[in-house]
Amino acid sequence: MRALILALVAMAMLGVAPAALAARPCQDRGGDPVRCDTPGAMPRGWTLQGQRLADLHAPEPPEPSPATLIGLAGVLGGFFALVLLMPKFDEWDEQEDDDKEHG
C-alpha cells in the first residue's frame, strides 16, 4: 500500500511539473541551426523564408535503385524459404531417444 501511495504521489508531481523549454537556436543563411552570437549567425528570431524554406522542409525520398529492390527480394525470399523448410513441430509427439529409455 505504501508503494502505491508513493507511486501516485510521484505521478502527481510529474504531472504538475512545468515543461522545460530550451531557447530557440539562431540560424545561418542556409537555415541550419547555429549558436547565437557566433560568426555567420543571423539575428535572434530570424527564420528562413521563401523557396529555401520549402526546399528544406519538403525533401522527396529517393527512389530505390533496382539493385536495392533485387536485394530486398532476395532477403525476403530467403527468409520465407527458411520458414518453409522448418520441420512441423506439431508432429513431434515423442523424441527419438524416448524409446530407448522405456524399452
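Tabulated data
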| item | result |
| --- | --- |
| Failed condition for GLY30, given (1) assigned to a helix (DSSP H, G or I); (2) modelled with pLDDT of 75 or more; (3) not basic (Lys, Arg) | (1) |
| Subset of the range 40-92 [among the charged types (D, E, K, R), at pLDDT below 85 and within 25 Å of the chain's Cα centre (by Cα)] | ASP55, GLU60 |
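The values are calculated or read from the model by the stated rules, or taken from the named source; none is laboratory data. What you see is a predicted model, and the numbers here were worked out from it, not measured in a lab.
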